[in-house]
Amino acid sequence: MAHDPYAFAIDDAVAVALLADFQIRKAIARGDFDDLPGSGEPIDLPDQHDPEWWIRSLIEREHVALLPPSIQLRKDDAALDARLDQLADEKAVRREIDDFNARVISARYEPPAGPPLITMPRDPDVTVAEWADRRAARRRKPREAEATGDRRRRRFGSSVATERLGRRYAPNVADLDGVEDRIWALLARYRNELEDATIYGMPSLRWPGSGAHDYFAAVKRSAQKVSLYAIAVDTWPEALEGSSEAFRKRRTGKATFSFPTLDEEMAAELEGFLERLYQRYREHHAG
């Protein structure tokens, strides 16, 4: 290649700046910036020079809440227990605690901004024990509510009308904690070969090194049911062979099995289904 005496090297930052300037000039020529709000009007500058006036104006205009780290950590500490209560297992709880503690410790080594930092790291063992206590208390509530309903039925009778009224207005007392725990217990045997992951925010189990969508199982709890996502069943539908009609009706989507309740018979069917599905999933990955 012939040497060009007028050529010169530019770094990436200069190249980006030149490209941005070129695009802006093209937009001006097209009239993209004509008749913008505030065009031709004076800029509302503060009386005294403030190099960060535009940041302050943005915060005021957009109602952006920028809290000093010490204040933000106080808020996060106050909300941490509620956040932990949304997690399904102890491993996920400990990860969340570790992340919170890391942010607290990191803030200690940053230059102070705002009020002093008084938030302390959480003791993982104590926090996990408190989480487990709250979870156990939640699991007791449905049973207590059900017992209360039994006492009321004994007190007021069990006529057909009363039973229909009770079914119509009874609260959901399904032990979803128990359903969720049972599903994870059935999946526990596969943890020796699989790794923990997430898919769309749901905890999942997948073959090590596989893609996010190539998971074996994922679990999600809602207000009325616990859903098991087994995307592999779409590849190996024969894993459903031998399943009862009642179990097949729990399949509410392409890869979704919904369990508002999970009795011993249904749990046994789910266990068998997972065994058949995992055999094929493992053969596919392990060769």
### Message
Condition first: part of a loop (DSSP other than H, G, I, E, B) and modelled with pLDDT of 90 or more. Can you find one or more residues in the stretch 113-120 that meet it?
### Response
yes
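Hey, can you tell me all the residues within the stretch 210-221 that are closer than 15 Å to Tyr200 by Cβ and in contact with a strand residue (DSSP E or B) (Cβ under 9 Å, 6 or more places away or on another chain)?
Filtering the stretch 210-221 for residues closer than 15 Å to Tyr200 by Cβ gives 211-215, 217-221.
Within the stretch 210-221, Ala212, His213, Asp214, Tyr215, Ala217, Ala218, Val219, Lys220, Arg221 meet the criteria.
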### Task
Only residues that are without any contact (Cβ under 8 Å) to a residue 24 or more places away in the chain and not aliphatic (A, V, I, L, M): list them for the stretch 113-142, please.
Pro121, Asp123, Asp125, Asp133, Arg140, Lys141
### Query
What number of residues within the stretch 205-219 satisfy the criterion of being at pLDDT below 90 and farther than 16 Å from Trp236 by Cα?
4
### Query
Which residues, taken from the stretch 110-139, are closer than 22 Å to Ile71 by Cα, surrounded by 14 or more Cβ atoms within 10 Å (Cβ to Cβ) and among the aliphatic types (A, V, I, L, M)?
Leu117
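Would you kindly identify the helices (runs of 4 or more DSSP H) lying entirely within the stretch 2-91 that contain at least 1 residues that are modelled with pLDDT under 70 and either surrounded by 10 or more Cβ atoms within 10 Å (Cβ to Cβ) or assigned by TED's automatic domain parsing to the domain that holds Ala188 (or both)?
On the way: elements: 12-30, 53-62, 69-84.
Of the helices (runs of 4 or more DSSP H) lying wholly inside the stretch 2-91, those with at least 1 residues that are modelled with pLDDT under 70 and either surrounded by 10 or more Cβ atoms within 10 Å (Cβ to Cβ) or assigned by TED's automatic domain parsing to the domain that holds Ala188 (or both) span 53-62.
Applying the selection to the stretch 195-224, what residues are small (Gly, Ala, Ser) and under 26 Å from Thr261 (Cβ atoms)?
Taking the stretch 195-224 first, the residues small (Gly, Ala, Ser) are 197, 201, 204, 209-212, 217-218, 222-223.
Gly201, Ser204, Ala217, Ala218, Ser222, Ala223, listed by residue number.
The values are calculated or read from the model by the stated rules, or taken from the named source; none is laboratory data. All figures in this text were calculated on a predicted structure; none of them were measured in a lab. Cβ: placed from backbone, ideal geometry, glycine included. Neighbour counts: every protein chain shown.
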